[in-house]
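The values are calculated or read from the model by the stated rules, or taken from the named source; none is laboratory data. Treat the numbers as computed from the prediction; the structure is a model and nothing was measured. Don't worry about glycine lacking a Cβ; one is built from the backbone with ideal geometry, like all the others, and counts go over all protein chains shown. Side chains included, ligands, DNA and RNA excluded: accessible areas come from the protein's heavy atoms. Shrake-Rupley method; radii C 1.70, N 1.55, O 1.52, S 1.80 Å.
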Amino acid sequence: MSDTTLELLDTYVGMPGTMQGGYIAGLAAGDSEGPVRVRIRKALHPGESLVRTVEEGQTLVLREEQLVMTATPGPLHVAARSPIPREDIDAAMARPLGWDPPYPTCIGCGHEVDGLGVRIRPLGDGKHVVAVWSPAPQWADPNGVIPREFIWTAFDCVTAYVLFVDPPTISGGGAVTGNIAAQFFGEVRIGETYTFQSWRERDDEKSIICGGALYGPSGLVAIADQELIRTKDWGFEVPAEPLAT
């Protein structure tokens, strides 16, 4: 058994006053190559202290005596798709976003904080979102490698943003990250430029599953999926129609 204390800082919020789902999932997953799925059982907030316990291949994250997250090896809900051509991504990046970021202070997609710097745009086909990321040195470890929790963070925002261009068949209400999974095939390093692409995989009356892939100079770096659990009155607002095409 191995215990690690995790201190939650307000730098890493998503919705106001709430920790960003991908970030805390990345903390739970640690340096696992995956595939690993993190289930978020409770909302977490800045200033809280958690304990991460690894026992017999499963990770439990506790807030005092309360179980708040689990990380378990397991398959993804999506498979990698062919990379979108870079010229199509560059054309998308040259166009305006088309909507205001829903959470301006979000560490992943906000614009009022010194965030990760992931630039997100609709591809223009009504189905995909793309993003470009050239990680800044401030996010790297001494070897120039970006810690995995920040890649999980970026995946959270990029996969959720696809709902702005391809809303689910049942619209309205809210949604929050119920679980998020990832598998890694390489590292993300400073001095390189990476691209994301995301899509809505499927949805029903209970949840919405979105997939995402991260590509670097040598090809596929990681693949992820996010299952957003529908709520009645809080969380990410589920659009009723596309905000951009």
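Looking only at the stretch 1-49, count every residue that is touching a strand residue (DSSP E or B) at 6+ places or on another chain (Cβ under 7 Å), touching a residue at least 60 places away in the same chain (Cβ under 8 Å) and among the acidic types (Asp, Glu) and tell me the total.
Looking only at that region, the number is 1.
Any idea which of ASP125, ASP156 is at pLDDT 95 or above, assigned to a loop (DSSP other than H, G, I, E, B) and not β-branched (Val, Ile, Thr)?
Numbers: ASP156 fails: assigned to a loop (DSSP other than H, G, I, E, B).
Matching residue, one of ASP125, ASP156: ASP125.
Which number in (1) surrounded by 21 or more Cβ atoms within 10 Å (Cβ to Cβ); (2) over 15 Å from the mean Cα position of the chain (by Cα) marks the one condition that ALA29 misses?
(2)
Out of the residues in the stretch 131-146 meeting the condition of being part of a loop (DSSP other than H, G, I, E, B) and over 16 Å from the mean Cα position of the chain (by Cα), tell me which one is surrounded by the most Cβ atoms within 10 Å (Cβ to Cβ). Spell out how you get there, then give the answer.
Taking the stretch 131-146 as the starting set, the residues that turn out to be part of a loop (DSSP other than H, G, I, E, B) are 134-136, 140-144, 146.
Now restrict to residues that are over 16 Å from the mean Cα position of the chain (by Cα): 134, 136, 140-144.
Numbers: SER134: 12, ALA136: 13, ALA140: 17, ASP141: 10, PRO142: 5, ASN143: 8, GLY144: 14.
Among those residues, the one meeting the criterion is ALA140.
With VAL113, VAL129, VAL145 as the choices, which residue is in contact with a strand residue (DSSP E or B) (Cβ under 6 Å, 6 or more places away or on another chain), over 15 Å from ARG95 (Cα atoms) and not aromatic (Phe, Trp, Tyr)?
Working: VAL113 fails: in contact with a strand residue (DSSP E or B) (Cβ under 6 Å, 6 or more places away or on another chain); VAL129 fails: over 15 Å from ARG95 (Cα atoms).
Only one candidate passes the filter, namely VAL145.
Determine if the stretch 202-215 includes at least one residue that is farther than 27 Å from THR72 by Cβ and either out of contact with any helix residue (DSSP H, G or I) (no Cβ under 7 Å at 6 or more places or on another chain) or open to solvent by 20 Å² or more (accessible area, probe 1.4 Å) (or both). Walk me through it before giving the result.
To start, the set of residues in the stretch 202-215 that are farther than 27 Å from THR72 by Cβ comprises none.
No, the conditions are met nowhere in the stretch 202-215.
For the stretch 116-125, does any single residue satisfy the condition of being of a type in the set (D, E, K, R), surrounded by fewer than 19 Cβ atoms within 10 Å (Cβ to Cβ) and under 15 Å from the mean Cα position of the chain (by Cα)? Walk me through how you get there before you give the answer.
First, pick out the residues of the stretch 116-125 that are of a type in the set (D, E, K, R): 119, 121, 125.
Still in the list and also surrounded by fewer than 19 Cβ atoms within 10 Å (Cβ to Cβ): 119, 125.
If we keep only those that are under 15 Å from the mean Cα position of the chain (by Cα) as well, we get 119.
Within the stretch 116-125, one or more residues are of a type in the set (D, E, K, R), surrounded by fewer than 19 Cβ atoms within 10 Å (Cβ to Cβ) and under 15 Å from the mean Cα position of the chain (by Cα).
Could you name every one of the strands (runs of 3 or more DSSP E) located completely within the stretch 27-91 that has at least 2 residues being in contact with a helix residue (DSSP H, G or I) (Cβ under 7 Å, 6 or more places away or on another chain)?
Working: elements: 36-40, 49-55, 58-63, 66-73.
Result: 36-40, 58-63, 66-73.
Tell me whether the stretch 111-122 contains one or more residues that are in contact with a Lys or Arg (Cβ under 9 Å, 6 or more places away or on another chain), assigned to a loop (DSSP other than H, G, I, E, B) and not hydrophobic (A, V, I, L, M, F, W, C).
Step one: of the stretch 111-122, the residues in contact with a Lys or Arg (Cβ under 9 Å, 6 or more places away or on another chain) are 121-122.
Among the residues that remain, those that are also assigned to a loop (DSSP other than H, G, I, E, B) are: none.
Looking through the stretch 111-122, none of the residues is in contact with a Lys or Arg (Cβ under 9 Å, 6 or more places away or on another chain), assigned to a loop (DSSP other than H, G, I, E, B) and not hydrophobic (A, V, I, L, M, F, W, C).
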